[in-house]
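Notes follow once the structure below has been shown.
The values are calculated or read from the model by the stated rules, or taken from the named source; none is laboratory data. This is a predicted model, so every value here is computed, not measured. No Cβ is skipped: glycine too gets one built from the backbone with ideal geometry, and neighbour counts run over all protein chains shown. The area values use the complete protein model at the heavy-atom level, side chains included, leaving out ligands, DNA and RNA. Shrake-Rupley method; radii C 1.70, N 1.55, O 1.52, S 1.80 Å.
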Amino acid sequence: MSDFSEELIRPTTEDEQGEPRAPSGTGMCFPWLQKHIETIATGGKQEKDFAQTTSACLSLIQEALLKHQWQRAAEYMHSYFQILEDSDSNKRQIAPEIIWRLGSEILYYHPKSSVETFNTFADRMKNIGVMNYLKISLQHALYLLHHGMLEDANRNLSQAETWRYGEKSSSQEVLINLIQAYKGLLQYYIWSKKKMELSQLDEDDYAYNTASQNMLNHSWKTSINLCALIQIPGVWDPFVKSYVEMLEFYGDQDGAREVLTNYAYDEKFPSNPNAHIYLYNFLKREKAPREKLISVLKILYQIVPSHKLMLEFHRLLRKSENEEHHKLGLEVLFGVLDFAGCTKNITAWKYLARYLRQTLMGSHLAWVQEEWNSRKNWWPSFHFSYFWAKSDWKEDKALACEKALVAGLLLGKGCRYFRNISKQDHQVLKKKIKQMKKSVKKYSIVNPGL
C-alpha cells in the first residue's frame with residue numbers, strides 16, 4: 001500500500017493524539033489536528049466535545065474541497081475518521097458513505113494520488129461500509145473506466161454482481177441491475193470494436209464468419225445485461241442507445257422500435273427529451289410518415305422549445321397540408337427565438353422572415369398577432385434595439401438583414417433596427433435591402449392598409 005493510502009486510512013495512535021506531526025519531506029503526511037479542531041469547535045476551551053469536533057472537521061473538509069485545496073482536505077480527512085466511533089448509531093451508519101464520498105473526491109484530484117492508492121482506499125471502504133458495497137464498487141469501476149482499465153473495471157463489476165448481504169432490498173436490486181448494465185456497456189464497447197473490424201473484412205473470408213460469431217456472442221451477453229435495467233423507470237440514455245444499435249444491426253427493427261417507444265412514452269419514466277430524440281431519429285431512419293415524425297417532435301417541442309430539431313420540426317409542419325400545422329410552424333419559430341442562445345441563429349431568422357411574409361400574404365394576420373401580443377413588450381429591446389442593429393451589421397450582415405425584415409414586419413418602418421439596416425449602403429446587399437423595404441411597406445402588421 002502507498003504511504004498516502006496508509007496515512008489516509010490508518011487509525012490514529014495515542015502518540016499522535018498527544019501532539020501534531022509536521023508534514024514529511026514528501027508532502028504526503030496527514031497530522032492529527034485534534035487540538036486545532038477542538039479550538040475551532042469550542043471557542044478556545046480545552047474540553048473535548050466529540051460531536052462539535054467532527055462537525056467542525058467536516059466543515060473544514062468541505063471548505064478545502066470547494067477551494068480545491070486537496071492536501072489540506074486530506075489532512076483534515078485523517079481526523080474525520082473518528083466519526084466511525086461516534087456514540088450516535090445513526091451517525092455511525094452513514095459515516096462510511098460520507099468518508100467514501102469525501103475521500104474518493106480527494107484521491108481523484110490530489111496531485112500525488114495514484115490508481116493504486118484509490119484502489120486500496122476503495123477496497124477498505126467496501127469492507128467498512130458493507131451496506132455501501134455495491135455503490136462503492138460501481139463508482140470504483142467508473143474510476144477504472146476513466147483511466148482506461150477496462151479489464152479491472154469488468155472484474156470489479158463481476159465481483160459486485162455476485163455480492164449479497166442479508167435479504168436483497170429493492171435498492172440493492174436496482175444497484176445490481178445498474179452494475180450488470182455497466183458490464184453490458186463494457187461488452188458493447190468490445191462489440192463495437194469487433195463491428196469495426198468486421199467492416200474491414202471480406203464477407204467470403206473465413207475470418208469474417210469467426211468475427212461475426214464473436215460479435216453475436218458479445219451482443220447476446222450485452223442484451224441480457226442491458227435489458228433488465230431499461231425496464232426500470234429512470235434515465236438510461238447510454239444503455240438504451242447501445243441496446244437499440246445492436247437490435248438494429250441484427251435487423252430487429254420491431255424490437256428497437258418497441259424499446260424506444262416505451263422509453264419515450266411510458267408514464268412511469270421521467271420526462272426525458274433525449275428519449276423523444278432517439279425515437280425521432282430511429283423513425284427518420286425508417287422513413288416513417290411525416291405525421292408520425294411530427295407527433296414525436298411535438299412532444300419534444302413542449303419539453304425543449306429551443307432544441308436544434310425545432311427548425312426541422314418547422315420544416316415538417318410547413319410541408320404538411322394541415323392548416324393547424326402551418327399555424328404551429330409559426331409558433332415554433334417564435335418559440336425558438338425566445339431563447340438567448342438562439343438570437344444569432346441565422347437559419348431561424350431566415351425561416352421566420354420568410355414565413356412571416358408568407359403568412360401575412362396568406363391573410364393570416366391573426367396568427368401573427370397572437371404570437372406577437374405576448375412578445376411586443378420585450379422582443380423590441382431583446383432583439384431589435386439600436387445596439388443590436390449596429391452590432392449585428394458589424395458581425396454578420398446577412399443576419400442583420402433577416403432580422404431587419406422581421407423587425408419591420410412586426411414593428412413597422414419606424415423601428416430603429418429596421419431604419420438602421422435599411423439605410424446601410426452595401427453594394428452586394430443593395431437589392432436585398434430594397435426588397436426588404438417593399439415587403440415591410442406592403443405587409444407590416446402596423447400598416448393600417450392591412
Inset, instruction - Report the local net charge at Glu370: Lys and Arg +1, Asp and Glu -1, summed over other residues whose C-beta lies under 15 Å from its C-beta. - result: -2
Inset, instruction - Give the calculated FRET efficiency between Arg290 and Lys423 to the nearest 0.05, with a Förster radius of 60 Å applied to their Cβ-Cβ distance. - result: 0.90
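Would you work out if segment 186-344 is rounded, prolate or oblate? Take a ≥ b ≥ c from the square roots of the eigenvalues of the alpha-carbon gyration tensor; rounded if a/c is under 1.5, else prolate when a/b is larger than b/c, oblate otherwise.
Numbers: a/c = 2.55, a/b = 2.00, b/c = 1.27.
Prolate shape, in that a/c is at least 1.5 and a/b is the bigger ratio.
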Legend entry - For segment 175-183, 3J(HN,Hα) per residue [Karplus equation, 6.51 cos²θ - 1.76 cosθ + 1.60, θ = phi - 60°, Hz, x = Gly/Pro]: 5, 5, 4, 5, 4, 5, 5, 5, 4
Legend entry - Difference of contour (0.36 nm per residue) and Cα-Cα distance, Leu198 to Gln159: 10.9 nm
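Loop only per DSSP, at most 14 neighbouring Cβ atoms within 10 Å: give me the trypsin sites (Lys or Arg not before Pro) in segment 350-388, ordered by residue number. Provide the component values of the computation, followed by the final result.
Numbers: sites: Lys350, Arg354, Arg357, Arg375, Lys376; in loops: Arg375, Lys376.
Passing sites in segment 350-388 are Lys376.
For segment 299-450, with every protein chain kept in place, what is the accessible area per residue (1.4 Å probe, Å²)? Present the calculation step by step, with values, prior to reporting the outcome.
Numbers: 8020 Å² over 152 residues.
For segment 299-450, the per-residue accessible area is 53 Å².
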Inset, instruction - Describe numerically, in nm with one decimal, the distance between label points set 7 Å from Cα along Cα→Cβ at Glu395 and at Arg416. - result: 1.8
Legend entry - Residue pairs, from the table Lys394/Lys438; Lys284/Lys431; Lys287/Lys327; Lys135/Lys284, whose Cα atoms sit over 27 Å apart: Lys284/Lys431; Lys135/Lys284
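Of the GluC sites (Glu not before Pro) in segment 232-271, which ones lie in a loop per DSSP and count no more than 10 other C-beta atoms within 10 Å? Numbers along the way, then the final one.
Numbers: sites: Glu245, Glu248, Glu258, Glu267; in loops: Glu267.
Qualifying residues, ordered by number: Glu267.
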Inset, instruction - Compute the accessible area per residue over segment 221-278, keeping the other protein chains in place, probe 1.4 Å, unit Å². - result: 48
Legend entry - Whether segment 336-450 is rounded, prolate or oblate, judged on the alpha carbon gyration tensor where a/c under 1.5 counts as rounded: oblate
Inset, instruction - Kindly write out, for segment 425-431 in residue order, the coupling ³J(HN,Hα) from the Karplus curve 6.51 cos²θ - 1.76 cosθ + 1.60 (θ = phi - 60°), rounded to whole Hz, with x marking Gly and Pro. - result: 9, 9, 4, 5, 9, 4, 5
Legend entry - Over segment 300-450, relative contact order from alpha-carbon pairs under 8 Å, at least 6 apart, %: 19
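Which chymotrypsin sites (Phe, Trp or Tyr not before Pro) in segment 231-310 pass both tests, a DSSP loop state and at most 15 other beta-carbon atoms within 10 Å?
Working: sites: Trp236, Phe239, Tyr243, Phe249, Tyr250, Tyr263, Tyr265, Tyr278, Tyr280, Phe282, Tyr301; in loops: Trp236, Tyr250.
The qualifying sites are Tyr250.
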Legend entry - For segment 316-356 and segment 359-383, distance of Cα centres in Å: 12
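Below 14 angstrom from the Cβ of Gln427, what's the summed charge of the other residues (Lys, Arg +1; Asp, Glu -1)?
Values: positive: Lys397, Lys430, Lys431, Lys432, Lys434; negative: Asp425.
Spelling it out: positives minus negatives among the neighbours equals +4.
Lys and Arg at +1, Asp and Glu at -1: add these up for the other residues within a Cβ distance under 12 Å of Ala398 and post the number. Display every interim value, and only then the final one.
On the way: positive: Lys344, Lys350, Lys397, Lys403, Lys432; negative: Asp392, Glu395, Asp396, Glu402.
Local charge sum for Ala398: +1.
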Inset, instruction - Work out how much length Tyr250 to Met361 would gain on full extension: take 0.36 nm times their residue separation and subtract the Cα-Cα distance, in nm to one decimal. - result: 34.9 nm
Legend entry - Segment Asn322-Lys112, length gained on full extension (0.36 nm per residue, minus Cα span): 69.1 nm
